[in-house]
1. Here are the criteria: (1) at pLDDT below 95; (2) farther than 19 Å from residue 11 by Cα. Tell me which single one residue 38 does not satisfy.
2. List, please: which pairs have Cβ atoms under 7 Å, are six or more places apart or on different chains, and start with a residue in the range 49-77 that is at positive phi and in contact (Cβ under 8 Å) with a residue 12 or more places away in the chain and end with one that is in a loop (DSSP other than H, G, I, E, B) and surrounded by 13 or more Cβ atoms within 10 Å (Cβ to Cβ)?
3. Can you tell me how many residues in the range 51-67 are within 21 Å of residue 15 (Cα to Cα) and assigned to a strand (DSSP E or B)?
4. Out of the residues in the range 51-66 that are among the hydrophobic types (A, V, I, L, M, F, W, C) and at pLDDT 95 or above, which is nearest to the chain's Cα centre (by Cα)?
5. Specify the residue that is farthest from the chain's Cα centre (by Cα); the eligible residues are those in the range 68-86 that are part of a strand (DSSP E or B) and buried (at least 16 other Cβ atoms within 10 Å of the Cβ).
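The values are calculated or read from the model by the stated rules, or taken from the named source; none is laboratory data. Worth saying up front: this structure is predicted, and the values here are computed from it rather than measured. All Cβ positions, even for glycine, are placed from backbone atoms using ideal geometry, and neighbour counts span all protein chains on display.
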Amino acid sequence: MKNIKITKSEKESWDYIKNYNHIDFLEPGQIVIYKNKYGTVIGCEKQYIIIHIPGEGTGVYNPSWNIAYLDVNGKIIKDFREEKYKSRDFYQGNKL
């Protein structure tokens, strides 16, 4: 994961997001899949996470809506995506 620093004021938001959504592994720099597009968690804003998706830009997202969280090896560790975004076809040829 990328080394992204968080401020003291962001710490409370991170703790809330992790506890409320049961994603205690979440860290800045975490790789995610949002609607079949890879992105990187780069921050948080209140109860939301900020994700940068290459080619699309940066946005604010609900941490438990249509997002899959990956570990450092690219394996999904928590998946909040709707079924239509879980297609195995998507993963063929798509690597981190």
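1. With (1) at pLDDT below 95; (2) farther than 19 Å from residue 11 by Cα applied to residue 38, the lone miss is (1).
2. Taking only residues 6 or more apart or on different chains, the pairs are 66/35; 66/80; 66/81.
3. First, the residues of the range 51-67 that are within 21 Å of residue 15 (Cα to Cα): 51-52, 59-67.
Going one step further and asking which of them are assigned to a strand (DSSP E or B), we end up with 51-52, 59-61, 67.
Counting residues in the range 51-67 that are within 21 Å of residue 15 (Cα to Cα) and assigned to a strand (DSSP E or B) gives 6.
4. At the first step, the residues of the range 51-66 found to be among the hydrophobic types (A, V, I, L, M, F, W, C) are 51, 53, 60, 65.
Among the residues that remain, those that are also at pLDDT 95 or above are: 51, 53, 60.
Numbers: 51: 7, 53: 10, 60: 11 Å.
Of everything passing the filter in the range 51-66, 51 is nearest to the chain's Cα centre (by Cα).
5. Residues of the range 68-86 part of a strand (DSSP E or B): 68-70, 76-79.
Now drop any that are not buried (at least 16 other Cβ atoms within 10 Å of the Cβ), which leaves 68-70, 78.
Numbers: 68: 6, 69: 5, 70: 8, 78: 10 Å.
Across the range 68-86, the extreme among qualifying residues is 78.
For every residue, the table says whether it meets (1) within 16 Å of residue 29 (Cβ to Cβ); (2) at pLDDT below 95; (3) β-branched (Val, Ile, Thr); (4) in a helix (DSSP H, G or I).
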site: 43; (1), (2), (3), (4): yes, yes, no, no
site: 49; (1), (2), (3), (4): yes, no, yes, no
site: 90; (1), (2), (3), (4): no, yes, no, yes
site: 96; (1), (2), (3), (4): yes, yes, no, no
